[in-house]
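First up is the structure itself, then whatever we jot down about it.
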Ligand SMILES: Nc1ncnc2c1ncn2[C@@H]1O[C@H](COP(=O)(O)OP(=O)(O)OP(=O)(O)O)[C@@H](O)[C@H]1O
Ligand SMILES: Nc1ncnc2c1ncn2[C@@H]1O[C@H](COP(=O)(O)OP(=O)(O)OP(=O)(O)O)[C@@H](O)[C@H]1O
Ligand SMILES: [Mg+2]
Ligand SMILES: [Mg+2]
């Protein structure tokens, strides 16, 4: 049924063909968490199915089941109408299922070619690895993807994040897979790179591959998907053709209520400068960064991924050492030598990489929240659990955290809920200046509104906020002023009044107007 | 129309099922300890004797003292293989001091300070230069003991003052030795430090995710440095005790102790990967190792055969909960 | 790119040349071809062991039980030889490989099936295997007198002017080179160390590969059991006691990262050679034996510091792009 | 109830001590009411030996006869044993005076020192360079023999030049390395003297491997059963040792004398040691047994069957 049906089925009646992959009655529980309950999902050749759901709805868990990394407790998986078992990732490859996972999972210290072919490298007649053919094939795969600019011999570590994604896709293509899964592939990409990815998805569609696309961004879903499936709390609550469903309808399925995401309106009571940075430089990462942050202001930092925004923020918060420049808080020069110093001074940094820099997996939620505030919850260096619990409760409940108890290990929370714990942790230090690096990356629409509402609340209370974001609507909707960075330098500073997206994109990419 | 739902209440903790308390690591160790105690008193008529039991404690007190600090270090994700070499170097320095006419207080001071200094050296290499502790301490292990060999060669230092003998041979009350009292005090101090203070909490945080801990304002380098110093300090204290107990110093003193200390820590339920563990577990593990070696000693079982038991105990005690869980889960691997 | 990867090994080679040069200033005959050949022969066992350890370390594991395995297997073959001198040596070597494989498989199973960290498993089997040697032999030693002439003579026989022991080392090095660069298993071993999660996602069975790796180190331990015993002509419980740390030190000096994923066959071999030369040369150039330990300790620390320098990632250098443009 | 006498050795598995145990069992049989506990650590360290002694104290043995790994480190624990009423003697490798009631030397220290040099000198009429390969640098008995040897060198063997003393730690691998080092650093070396049963085997194997038989003579203290091969192949002309069986036998006799017969160990006292005869204590409460016995081509065959 595969190749012959492909062309005739294209636009008209989409469900006409049989699903390439069909899941039915899938359930999966982790200790104390029911991640999936009796869900089903179908993927059709030449079509993109969007999987939509709140944080923790079970999307990534399903992906891991489809790729043989987790085993379902119940349910069947069939490919091309045939029931299959996927006991390992290898078995999933065998059935032509590949995935680009939510976390980038590649090998930094191996070459591009090897990243693409690890596990299915071409062999010589002696059975040993044929490096020459492997390189050649790698170049071919990259070329067909219009990614010929990537050197097959380069070490992956030396590639930009967008190119790494392309390598992940090339790997999926090299396996000659019929089913390609992408779990939030755009979360770390900038506009331009997202566009390139979409071109690629179109290309895959044309080749008749069945694609599963997971994203929290509705504009992307409407742009690329043909069908949708919605999960809520581990259950399938709806599916259909995307063109038949409106955004508000899908959102209602997703959260069980309707949400209008309007950026909260604030009375702009911008006061005196709180933080002023001038001439901040780093030997290799950025140079001559200067700006002022005022009381009650949200200062947006826009730029392409890799523009160096995170590095600047980490320097201001004492994590990276600088080679020159001054940081003044309330008119006093500070020179933080560690995050501890800057927290003490009242500047906190909510990091971008949640898993690596944000949560301490292995510690319960309340201990994560209290970690930077221990000096306040404790008495002469001794822990006071009651204080820690009440601190943790007050902040996590305001962010609508979904957890069974505060003593639960953060590692068992979904990505989005982990992000809430991270934000709660930093808010609990009652800072003067809070730097949020991609605060809504990977957060579902409902929680996103909560985070934005919270930011508005913070500035209303007189805090100052720096928000690093690669999402244009967020930047435009939340910031009072926007600083655009490009390749380690400040490219421009804009007032939000009358600012449009195109100006920002042009400045960020260095294209003259 | 946005209807904002009331925030969900999140309880502090779910009621712990009784089974999880019963199947905790410490409970398992208590059972093992009681079993070995019972077997010992059954197998040898000499075991249940206050003097025997007192002698038994010497089998674990010195290593146990180091194990407390090592437990913290391992929880933080580091390790120190040089502890036995630190003992040798500290002891050698004390021996030199005796030669130079130092008195008992001076000797103790020197032992402790040299230990601290060696720990600080390890700590500097690991935290300042960012080197992996396992290889750094394999190096310093040879270096420290090597210095002891250079100083002493085939000689021995002896002639420690009478009063110095108290630390390793003295009794505080009846059969309660000074070493045992020190061990118990250290257990309480380290328990408090690890489980009841900010410092201890930060140690756990570092062990689970050093980067996130650093971002959260934990001075990771400083805490790790302190932990290396503490481990050195405890090795220095152990050196005082051993030197006092032996009454002499040879460069080969305390050879092979490092692996026994680490075995004790791991048997005590400290995760070798960092991030988890308890002092109660380490105390129990020290006791168990003392009971096994002494009990088998009473039956004149050679030391190497005892070590089979220790090795098996280590693997079985760690494997048991895993196998148990799998069997309850109904799927044996 | 290739040149960069070889960088570390070239430096190590240079260090070895300098070391030999330094030694020759005090003992000129040291740099003679004959002597160097002998140094290679003397270091052969350590090189073979370091290669076995290398594959384990590459997967972010460690095998502390290698020296105990060596001791046990050595005792088994020595006792077999004493009891049945007629067993031909090649068969004895096969037996040594099999016994070593069995001990390695025990480690591997515990790591694979029960998911116990390898350092814990092998810390346990380190004492168990050595203890088992005592139980097996009843504590008695097997002396030169009880070993057959073939048993002792096999590795000493010269083939093309080079002792069989050296040939065995050369063969093992070649095998490991092919394994690591030309086979899927070798690449999987490497990949697991670079990124274990990604390896699972890439379809590598991480658990089973670790099992295989412990089987390899076990076989190497077994092989060296025979080589060691027939070289030093005594089998006792104390054979190679504490030698596990020398093996790891050789790997570390050879630039194999204890965190896994980084390391090469050349590095392991040169690391072993470096240590071998130090322990070989010190007695020759009349440095008091009491200095030996401190010197090799300093060498290890120095190697770690230098390797860490090489490994350190230099940021992403955002600014350079601007300057270059 | 039988008298329990513990024979504590430096390390188990060593053929020399196993032979001593044979003698001890023989003495026990003769004495009738004696049980021998043959024990010791597996690794020759003082700390391990202390743990062994502690467990013997707990078992309330009547006497401990120990060959010590360290003359000083064992003193405190042996003192404790004596305080608890246990008879303590040392044999073979001694303990400092305060730690035991008497010490039984296998032979006279000076005599052993002289013998090991003489073994080399006998086959070097023109004299030459010799080197010593010892056990561990902490071994009490080896150290005192080497000292004694150095003392007699200038007057009695003026043509023999002792060029180096190295330590193989009674570890065959390390002894091998050290022996090789000696051969390289001293190309004119005529003899290696190894006053330890492990070292002497390693040195002889090295000389055999390097084809230096006839050029370098290995000698020292060796068990005939372990060393026969190297006398046969000529790597060694002769070695010496005392009779370990008699040593173990006598140690048990002495322990029994003190523990049961309540004989007093004081300078000048004469104690009986069964079939071996009598010994007299000197002013450090030490007694020496027979002079070392020499093994060469003529008699090694016979003795290799005994010990
Ligand atoms: N290894 C695990 N152990 C325990 N619980 C887990 C594990 N993995 C996922 N879960 C739980 O399963 C549920 C579903 O998680 P999943 O990661 O699939 O969500 P998601 O839909 O991908 O969310 P997000 O949009 O935040 O990525 C969550 O409640 C999560 O806490
Ligand atoms: N070449 C790369 N390799 C790996 N990761 C990269 C690379 N470039 C960027 N990243 C990832 O993207 C993140 C952002 O990089 P950086 O902080 O330099 O730029 P930024 O302008 O702050 O981007 P962002 O908007 O994503 O925060 C890094 O933390 C890193 O995780
Ligand atoms: Mg997800
Ligand atoms: Mg960033």
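What follows is calculated from the coordinates using simple rules that are stated; it is not laboratory data. Remember, predicted model here, so these are calculated numbers, not experimental data. A quick note on method: Cβ atoms are made from the backbone with ideal geometry, for glycine too, and the neighbour counts reach across all protein chains shown.
Would you please give the FRET efficiency between residue C:94 and residue A:278, computed as 1/(1 + (r/R0)^6) with r the Cβ-Cβ distance and R0 = 51 Å, to the nearest 0.05?
Values: r = 74 Å, r/R0 = 1.46.
So the FRET efficiency works out to roughly 0.10.
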To the nearest 10 degrees, how steeply does helix A:415-427 sit against the main Cα axis of chain A, on a 0 to 90 scale? 0 degrees
Just subtract the alpha-carbon distance of residue C:298 and residue C:177 from 0.36 nm times their residue separation and send over the number in nm, one decimal. 40.6 nm
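Counting pairwise Cα distances across region B:237-277, what percent come out greater than 11 angstrom?
The calculated P(r) of region B:237-277 puts 71 percent of pairs beyond 11 Å.
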Return one number: the angle in degrees, 0 to 90 and rounded to the nearest 10, between the long axis of the Cα atoms of helix A:191-206 and the longest principal axis of the Cα atoms of chain A. 10 degrees
How many nm is it between the label spots at residue C:149 and residue D:262, if each spot is 7 Å from the Cα in line with the beta carbon? 6.4 nm
Cα-based convex hull, chain C, per residue volume (Å³, whole number): 163 Å³
Here the residues of region D:128-154 lying in the modelled label zone of residue D:284, meaning backbone nitrogen under 13 Å from a point 7 Å along Cα-to-Cβ, are D:140-148
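Using the Cα atoms as the points, what is the convex hull volume per residue of region D:98-148 in Å³? Don't skip to the answer; put the middle values down first.
On the way: hull volume 4.7 nm³, N = 51.
Per-residue hull volume (Cα only) is 92 Å³.
Of all DSSP beta bridges in the protein assembly as shown, what percent run antiparallel (nearest 5)?
Details: 59 of 131 bridges.
Within the protein assembly as shown, antiparallel bridges account for around 45 percent of the total.
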Average the reciprocal distances over every distinct pair of alpha-carbons in region A:188-239, invert the result, and give the Kirkwood radius in Å. 12.4 Å
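With a ≥ b ≥ c the root eigenvalues of the C-alpha gyration tensor of region B:227-333, is it rounded (a/c under 1.5), prolate (a/b larger than b/c) or oblate?
In terms of gyration-tensor shape, oblate.
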Name the residue, out of D:180, D:118, D:261, whose mean-square fluctuation peaks in a Gaussian network model built on chain D with Cα pairs under 10 Å. D:261
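Over all distinct alpha-carbon pairs, what is the Kirkwood Rh of region C:7-49 in angstrom?
Numbers: mean 1/r = 0.0888 Å⁻¹.
Result for region C:7-49 stands at 11.3 Å.
Hey, with R₀ at 56 Å, roughly what FRET efficiency would residue D:161 and residue A:124 work out to, going by the Cβ-Cβ distance, to 0.05? Don't skip to the answer; put the middle values down first.
Working: r = 64 Å, r/R0 = 1.14.
Once the sixth-power term is evaluated, E becomes 0.30.
Which of the peptides C:267-274, B:195-202 is most tightly packed, and how do the rest follow, going by the mean number of other Cβ atoms within 10 Å of each residue?
On the way: C:267-274: 27.1, B:195-202: 18.6.
Put in order of decreasing packing, that is C:267-274, B:195-202.
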For chain D, what is the relative contact order in percent, using Cα pairs closer than 8 Å and at least 6 residues apart in sequence? 20 percent
So what is the diffusion coefficient of the protein assembly as shown in µm² per second by Stokes-Einstein at 25 °C and 0.890 mPa s, using a Kirkwood Rh over Cα pairs? 69 µm²/s
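Quickly rank C:248-254, A:68-74, A:165-171 as a protection proxy: mean count of other C-beta atoms within 10 Å, highest first. Let's see the in-between values first.
Numbers: C:248-254: 28.7, A:68-74: 17.4, A:165-171: 24.7.
Per-residue mean Cβ counts within 10 Å order the peptides as C:248-254, A:165-171, A:68-74.
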Note: chain D at 10 °C, 1.306 mPa s; Kirkwood Rh on alpha carbon pairs; Stokes-Einstein D in µm²/s works out to 81 µm²/s
The base-10 log of I(q)/I(0) that the Debye equation returns for chain B at q = 0.13, 0.15 Å⁻¹, one scatterer per C-alpha, is -1.02, -1.30
Give me the angle, in degrees from 0 to 90, between the Cα long axis of helix A:385-398 and the longest principal axis of the Cα atoms of chain A, rounded to the nearest 10. 70 degrees
Normalise the Cα radius of gyration of region C:180-280 by 2.2 N^0.38 Å (N = residues in it) and let me know the number. 1.25
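Give the average, rounded to an integer, of partner chain Cβ atoms located within 10 angstrom of each Cβ in A:400-412.
Details: counts 5, 3, 2, 3, 4, 6, 5, 6, 4, 1, 2, 1, 0.
Mean shielding count: 3.
Per the Kirkwood formula on distinct C-alpha pairs, the Rh of region C:1-134 is how many angstrom?
Values: mean 1/r = 0.0559 Å⁻¹.
So the Kirkwood estimate lands at 17.9 Å.
So what is the relative contact order of chain C, in percent, for Cα pairs below 8 Å that sit 6 or more residues apart?
Working: 474 pairs, mean separation 105.5, N = 325.
Dividing the mean separation by the residue count of chain C yields 32 percent.
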Inter-probe distance in nm under a simple model that places probes 7 Å from Cα toward Cβ, at residue D:29 and residue D:147: 3.9 nm
For residue A:136 and residue A:384, calculate 0.36 nm times their separation in residues minus their Cα-Cα distance, and state this gained length in nm to one decimal. 83.1 nm
Considering only C-alpha atoms, what is the centroid distance from region A:62-126 to region A:478-499, in Å? 42 Å
Where labels lie 7 Å past Cα in the beta-carbon direction, separation of residue C:84 and residue A:192 in nm: 7.4 nm
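Inside 10 Å of the C-beta atoms of A:329-341, what's the mean count of C-beta atoms belonging to other chains?
Numbers: counts 0, 0, 0, 0, 0, 0, 0, 0, 1, 7, 8, 7, 2.
The mean count of partner-chain Cβ atoms within 10 Å per residue comes to 2.
Which value at 222 nm does chain B reach when only helices count, each DSSP H run of 4 or more adding -39,500 (n - 2.57), with the total divided by all residues and rounded to the nearest 500 deg cm²/dmol? Spell out each step's value before the answer.
On the way: 15 runs with 233 residues, N = 333.
It comes out at -23000 deg cm²/dmol, rounded to the nearest 500.
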Within a 10 angstrom radius of each residue's Cβ in D:166-179, how many Cβ atoms of other chains show up on average? Whole number is fine. 5
Please give the FRET efficiency for residue B:163 paired with residue D:269, using the beta carbon to beta carbon distance and R0 = 35 Å, rounded to the nearest 0.05. 0.55
Counting C-alpha atoms alone, how compact is chain A: give Rg to one decimal and Dmax as a whole number, in angstrom. 24.0, 75
Mean projection of the alpha-carbon convex hull of region A:82-214 over all orientations, in nm²? 8.8 nm²
A correct fewest-to-most ranking of C:226, B:257 by other Cβ atoms within 10 Å would be B:257, C:226
GNM on chain D, Cα springs under 10 Å; top mean-square fluctuation among D:209, D:18, D:171 goes to D:209
